[in-house]
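The values are calculated or read from the model by the stated rules, or taken from the named source; none is laboratory data. Computed from a predicted model, the values in this text were never measured in an experiment. Ideal geometry is used to build each Cβ from the backbone, glycine not excepted, and the neighbour counts take in all protein chains shown.
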Amino acid sequence: MEENFKSKIGFSIFIIFILFLLVGGYFFTQKVINDDYNLGSNKSNNGLNSYKIDETKDYIYFINETVISKDANLIYKDVVINIKGEEELTESLEKENKENKNTIKYITDYKDFDVEFNYNYDNLYSLYHRNYEVYEFDKYVSLIIKDYTYSCYDLLTFKGTKSYVYNVLDGTRLSENDLLNKYNVSIDEIKERIKEDLLKSQTYEDGEAVIKIDETLNNFNNYSLYVNDLGKLCITYLVKSIKTDYNLSMEV
């Protein structure tokens, strides 16, 4: 009798122990899940996305797209830099784009004149146009802007470039010196590499060099640096020519 009682007590204790393990394990599991969730939420709020103005958008995106000529691939659009502190720059770029739109002239605007043209895309005579390129690598996002003039005589002529490179982990815009120091290179070293490339691609017409290498390098202030999708430092720059000036890009 006493042995049966002890057996029942022992079995009851065993059952209680098992229930304790099951209940304790359940609450422990829930705590781990909740901690992981909260940690993930904190990373989302305080990490990569914390410097975005709009969390649902990319760091660089475009709005207000207007097709001027599909055949000539002339499209106006406003760029938005979706990083806190860059609102004023976005507004400035929007203003510049608006000014470009106001430069559009049509061939029929010159109906009282004997206008000759080589190209007729949607009746366009001339305008200022802007192209954009966006690159992302690791923590870096780069926006490259290239400005052109368009005319019905010679289509697009490259006029200038500028770039904006961001470290999205801390929301900072990198300066030219920041990029040069990071990649341990100087502008003079880059110019030497450009000179080598231009010499290799040099051509001649009637004994005259087509690429104005010295003029390109002696007035080397129309260029922009950026980080491409492979993490390489790149430069896009203006090349002076006896024909039409143009732009080239290269990895540094």
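Among 191, 182, which is the only one that is among the basic types (Lys, Arg) and touching a Phe, Trp or Tyr at 6+ places or on another chain (Cβ under 7 Å)?
Going through 191, 182 in turn, just one is among the basic types (Lys, Arg) and touching a Phe, Trp or Tyr at 6+ places or on another chain (Cβ under 7 Å): 191.
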For residue 149: the one exception among (1) closer than 26 Å to residue 230 by Cβ; (2) touching a Lys or Arg at 6+ places or on another chain (Cβ under 8 Å); (3) surrounded by fewer than 17 Cβ atoms within 10 Å (Cβ to Cβ): (1)
Complete set of residues in region 206-238 that are closer than 14 Å to residue 158 by Cα and in contact (Cβ under 8 Å) with a residue 60 or more places away in the chain: 222, 223, 224, 236, 237, 238
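Okay, residues lined up against (1) outside the structural domain of residue 151 (by TED's automatic domain parsing); (2) of a type in the set (D, E, K, R); (3) touching an Asp or Glu at 6+ places or on another chain (Cβ under 9 Å); (4) without any contact (Cβ under 8 Å) to a residue 40 or more places away in the chain:
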{"residue": "53", "(1), (2), (3), (4)": "yes, no, yes, yes"}
{"residue": "74", "(1), (2), (3), (4)": "yes, no, yes, no"}
{"residue": "79", "(1), (2), (3), (4)": "yes, no, yes, no"}
{"residue": "98", "(1), (2), (3), (4)": "yes, yes, yes, yes"}
{"residue": "101", "(1), (2), (3), (4)": "yes, yes, no, yes"}
{"residue": "104", "(1), (2), (3), (4)": "yes, no, no, yes"}
{"residue": "130", "(1), (2), (3), (4)": "no, yes, yes, no"}
{"residue": "136", "(1), (2), (3), (4)": "no, yes, yes, no"}
